[in-house]
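Colleague: One structure is given below, represented as structure tokens, and several questions about it will come after.
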Amino acid sequence: MVAGQQAGASGESDSDQPVLRLRDLSVHFGGSAVAASEGIDLDLTPGRVLALVGESGSGKSVTALGSLGLLPTTARVSGSALLSRPGDKGGGTSEVELVGAARPVLDDARGRLVGTIFQEPASALDPLLTIRAQISEAIRAHGDRHGISRSRLRERVGELLTRVGLPEVERIAASYPHQLSGGQQQRACIALALACDPPVIVADEPTTALDVTVQAGILDLLRALTRDGMAVLLITHDMGVVADIADEVAVMRRGHIVERGGVDEIFSRPSHPYTRELLGAVPRLDALREAPARRESEQTGRQASAVVEVTDLDVVYRARGRRPVHAVRGVSLTIAPGEVLGLVGESGSGKSTIAGTLTGMVPVTSGSVRVDGVEVAGASRRALLPVRRQTGVVYQNPASALNPRRTVGASIAEPLMLHAEMESAQRRARVRELLEQVRLPVSMAERYPHEMSGGQRQRVAIARALALRPRLVIADEPTSALDVSVQAVVLDLLASLQSELEFACLFVSHDLAVVEQVAARTVVLSQGRVVEEGPTDQVLAHPREDYTRRLVAAVPVPDPRVQRSRRAAGV
């Protein structure tokens with residue numbers, strides 16, 4: 001259905017009129033009487049960013065995808081989503097109704113009028129096509145209907161890749177997604193979304209998996225798009241990102257918008273308790289906090305023999321037909337009993353590689369890696385058994401770390417079956433004890449991972465990591481996939497368990513504000529080398545090295561006024 005009224009006929013200028021209007025939009029799945037989102041009213045205006053925020057499951061993505069007809073057929077969408085489109089001869093605009101629209105109408109709107117940027121660029125891009133082929137396909141599908149020459153198409157792809165700040169345009173265009181870094185993949189996704197210069201961009205968690213410097217570049221790019229007149233709907237749980245880029249904010253909880261307003265108003269005078277809770281859970285790097293008792297005990301622990309001793313570690317990846325990649329260069333570090341060591345740096349800096357050497361999963365090229373007195377470098381599988389028995393690992397994505405075909409209880413019991421001589425009754429008792437330790441009901445043992453929230457799954461992963469009472473826990477980006485309120489709960493839980501059980505912990509993260517909360521010491525990596533290390537508050541509050549200063553400066557502060565002043569000062 002196309003609305004009869006021409007937008008240009010009203011007294012408002014085109015720049016004041018919404019390009020996308022949601023009215024009483026609701027989404028139900030299957031026969032459920034409970035709405036995934038209900039009664040949503042939103043306006044997207046040219047040149048402005050509207051941030052839609054809330055916990056996982058609050059209805060943010062469902063609202064956006066439902067308005068664009070991108071949900072599965074089990075979804076029932078009602079209400080209205082009116083999208084402005086230019087007149088056929090450039091005279092004013094008309095509106096097209098997307099809810100209930102026929103497939104050709106939706107196909108025309110998506111890509112030509114609305115570009116979409118998803119959270120996981122690796123899954124959004126076709127692994128079998130080059131970046132050039134994918135962007136070209138979008139241009140042909142939604143662009144010049146009378147055809148476009150091959151040379152012009154090649155030129156247009158180059159323009160788009162340049163616009164999103166990608167270097168070596170020809171190499172990037174000829175690359176497959178797996179040949180690009182995470183940041184390059186996300187920029188390629190943005191180029192794909194911009195292929196037909198749509199007036200609306202929907203960005204669904206576009207920076208969640210990116211390190212702070214890459215994130216800063218993506219936010220700069222989105223900001224530039226609004227200067228070009230695009231309207232951006234930003235879906236995120238990162239309140240620092242919201243403060244950095246949003247003009248308006250709508251807060252969702254349990255499928256409803258509970259508060260909306262200008263970004264300054266929401267951050268300085270939140271009226272709803274849930275909004276205040278969200279803002280209170282945000283870790284802040286601009287207000288370094290001390291935890292004297294914890295840090296004092298960790299300093300005392302450093303005087304004892306180290307649980308981890310890494311000396312002059314080098315790791316080189318070699319593949320036939322390719323140049324060797326020197327992932328880690330001359331790294332030395334120690335972790336004492338009861339100490340939390342933060343390991344930070346950009347993607348590709350060597351953080352996860354170092355973590356992998358501690359369990360023997362990543363081969364050591366040269367140097368020494370000792371865990372609890374055992375030399376890991378070059379050790380046989382049998383020699384590594386005591387190391388793996390004494391090491392628990394918490395991964396970034398609990399959904400992929402837990403077997404979907406096993407119950408939670410079976411997943412937690414798995415290391416007990418492999419490494420501990422226990423009767424089945426003893427294992428069940430230990431599983432119950434672990435669930436209680438991570439503050440989950442014992443009844444959760446009978447559930448499957450898909451029946452739990454992201455925060456609950458991560459608690460299960462922590463319980464499994466602690467099953468054998470390890471001396472060392474490796475936490476590899478354990479909170480980056482979680483929204484802020486759940487992240488705060490998981491961090492509090494980790495800190496409490498670490499204090500109680502006194503295990504050493506290597507905490508790998510690109511989120512400096514999170515590292516500041518949990519780690520007594522921090523090691524900063526760049527291109528496989530240690531560039532700075534020391535007490536966390538000293539490293540982050542008074543960094544000595546330019547690289548560390550750039551990392552710290554790239555972290556968004558959850559305060560819009562501070563962010564504006566930082567941008568004005570060129571920080």
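The values are calculated or read from the model by the stated rules, or taken from the named source; none is laboratory data. Keep in mind that what you see is a predicted model, and the values were worked out from it rather than measured. Here the Cβ positions follow ideal geometry from the backbone for every residue, glycine too, while neighbour counts run over all protein chains shown.
Colleague: Identify, by number, the condition in (1) in a helix (DSSP H, G or I); (2) among the small types (Gly, Ala, Ser); (3) surrounded by fewer than 22 Cβ atoms within 10 Å (Cβ to Cβ) that residue 480 doesn't meet.
Modeller: Residue 480 satisfies every listed condition except (1).
Colleague: Residues to consider are 432, 469; find the one that is assigned to a helix (DSSP H, G or I) and either outside the structural domain of residue 502 (by TED's automatic domain parsing) or among the basic types (Lys, Arg) (or both).
Modeller: Result: 432 is the single residue among 432, 469 that is assigned to a helix (DSSP H, G or I) and either outside the structural domain of residue 502 (by TED's automatic domain parsing) or among the basic types (Lys, Arg) (or both).
Colleague: Ok, one more. Going through region 164-174 one residue at a time, which ones are in a helix (DSSP H, G or I) and among the charged types (D, E, K, R)?
Modeller: Residues satisfying the conditions are 170, 171.
Colleague: Can you tell me which residue is farthest from residue 394 (Cα to Cα) among those in region 438-464 that are part of a helix (DSSP H, G or I), modelled with pLDDT under 90 and of a type in the set (S, T, N, Q)?
Modeller: Result: 456.
Yes/no per residue for (1) closer than 28 Å to residue 82 by Cα; (2) under 27 Å from the mean Cα position of the chain (by Cα); (3) buried (at least 22 other Cβ atoms within 10 Å of the Cβ):
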{"site": "103", "(1), (2), (3)": "yes, no, no"}
{"site": "140", "(1), (2), (3)": "yes, no, no"}
{"site": "150", "(1), (2), (3)": "no, no, no"}
{"site": "161", "(1), (2), (3)": "no, yes, yes"}
{"site": "180", "(1), (2), (3)": "no, yes, no"}
{"site": "187", "(1), (2), (3)": "no, yes, yes"}
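Colleague: Return yes when residue 491 is in contact (Cβ under 8 Å) with a residue 24 or more places away in the chain, assigned by TED's automatic domain parsing to the domain that holds residue 355 and surrounded by fewer than 21 Cβ atoms within 10 Å (Cβ to Cβ) and no when it is not.
Modeller: For residue 491, the condition - in contact (Cβ under 8 Å) with a residue 24 or more places away in the chain, assigned by TED's automatic domain parsing to the domain that holds residue 355 and surrounded by fewer than 21 Cβ atoms within 10 Å (Cβ to Cβ) - is met.
Colleague: Among the residues of region 156-192, write down those that are more than 18 Å from residue 208 (Cα to Cα) and either of a type in the set (Ser, Thr, Tyr) or in contact with a strand residue (DSSP E or B) (Cβ under 7 Å, 6 or more places away or on another chain) (or both).
Modeller: Hits for region 156-192 are 162, 175, 176.
Colleague: Taking the conditions exactly as written (crowded, with 18+ Cβ neighbours inside 10 Å and not in a helix (DSSP H, G or I)), does residue 69 satisfy them or not?
Modeller: Considered against the rule, which asks whether it is crowded, with 18+ Cβ neighbours inside 10 Å and not in a helix (DSSP H, G or I), residue 69 comes out as yes.
To keep it simple, each residue is scored yes or no on (1) under 28 Å from the mean Cα position of the chain (by Cα); (2) under 20 Å from residue 179 (Cα atoms).
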residue: 318; (1), (2): no, yes
residue: 335; (1), (2): yes, no
residue: 338; (1), (2): no, no
residue: 351; (1), (2): yes, yes
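Colleague: Is it the case that some residue within region 56-75 is over 19 Å from residue 205 (Cβ atoms) and over 27 Å from the mean Cα position of the chain (by Cα)?
Modeller: The answer is yes, given that some residue of region 56-75 is over 19 Å from residue 205 (Cβ atoms) and over 27 Å from the mean Cα position of the chain (by Cα).
Colleague: Let me ask something else. So residue 423 fits all but one of (1) free of Cβ contacts under 8 Å to residues at least 12 places away in the same chain; (2) within 26 Å of residue 376 (Cβ to Cβ); (3) of a type outside the set (Phe, Trp, Tyr); what number is the exception?
Modeller: Of (1) free of Cβ contacts under 8 Å to residues at least 12 places away in the same chain; (2) within 26 Å of residue 376 (Cβ to Cβ); (3) of a type outside the set (Phe, Trp, Tyr), only one is false for residue 423: (2).
Colleague: Out of the helices (runs of 4 or more DSSP H) lying entirely within region 79-163, which hold 2 or more residues that are at pLDDT 90 or above and under 22 Å from residue 176 (Cα atoms)?
Modeller: 131-142, 150-163
Colleague: In contact (Cβ under 8 Å) with a residue 24 or more places away in the chain, in a loop (DSSP other than H, G, I, E, B) and of a type in the set (A, V, I, L, M, F, W, C), is that true of residue 195?
Modeller: yes
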